[in-house]
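The structure appears below as structure tokens.
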Amino acid sequence: MAKKRVIVSLGNASAELLEAIQKQYPLGWSERIIRVDLAPEKFFNAIIVETIDTTYLVKVPMKKDKKIEKIEEEIETNMDEVKEEQEETESFEKYEETYGEQSHEDF
């Protein structure tokens, strides 16, 4: 006999299901989250929980860690700065190719 398949939100999980989650994921489930695509641009995050007679797809919230968000912002800022520096270098190199190397005294 095949197992039942049930989709349930973590907030609506029964006490028995919460206990099954704790048993199956004693160290936490954050590393076991999967993305379930519904349609283009629509999805939810979930974990899979197995019991004797049922396989649950438990919808779980997925929030970015504030530290990760800050690191991503810093990386983006640094990448922008690197790009600006590269553009300035390229512009200077084109100037030198066009006009040759000149000392500041020539200006």
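The values are calculated or read from the model by the stated rules, or taken from the named source; none is laboratory data. It should be emphasised that the depicted structure is a prediction, and the values quoted were computed from it without experimental measurement. Heads up, the Cβs are rebuilt from the backbone with ideal geometry, glycines too, and the neighbour counts pull from every protein chain shown.
Among the residues of region 40-53, those that are acidic (Asp, Glu) and under 18 Å from ARG5 (Cα atoms) comprise GLU50, ASP53.
For region 4-31, the set of residues classified as charged (D, E, K, R) and modelled with pLDDT under 90 consists of GLU31 only. Taken over region 1-21, the criterion of being of a type in the set (Gly, Ala, Ser) and either assigned to a strand (DSSP E or B) or within 28 Å of the chain's Cα centre (by Cα) (or both) is satisfied by SER9, GLY11, ALA13, ALA20. Only one of the numbered conditions (1) surrounded by fewer than 10 Cβ atoms within 10 Å (Cβ to Cβ); (2) closer than 20 Å to LYS4 by Cα is violated by ASP37, and that is (2).
Restricting attention to region 66-75, the residues that are at pLDDT 70 or above and loosely packed, with under 10 Cβ neighbours inside 10 Å total 0. The residue that is nearest to LEU57 (Cα to Cα), counting only those in region 1-22 that are surrounded by fewer than 11 Cβ atoms within 10 Å (Cβ to Cβ) and of a type in the set (Lys, Arg), is ARG5. Within region 40-65, the set of residues being closer than 13 Å to LEU10 by Cα and exposed (fewer than 11 other Cβ atoms within 10 Å of the Cβ) comprises PRO61 only.
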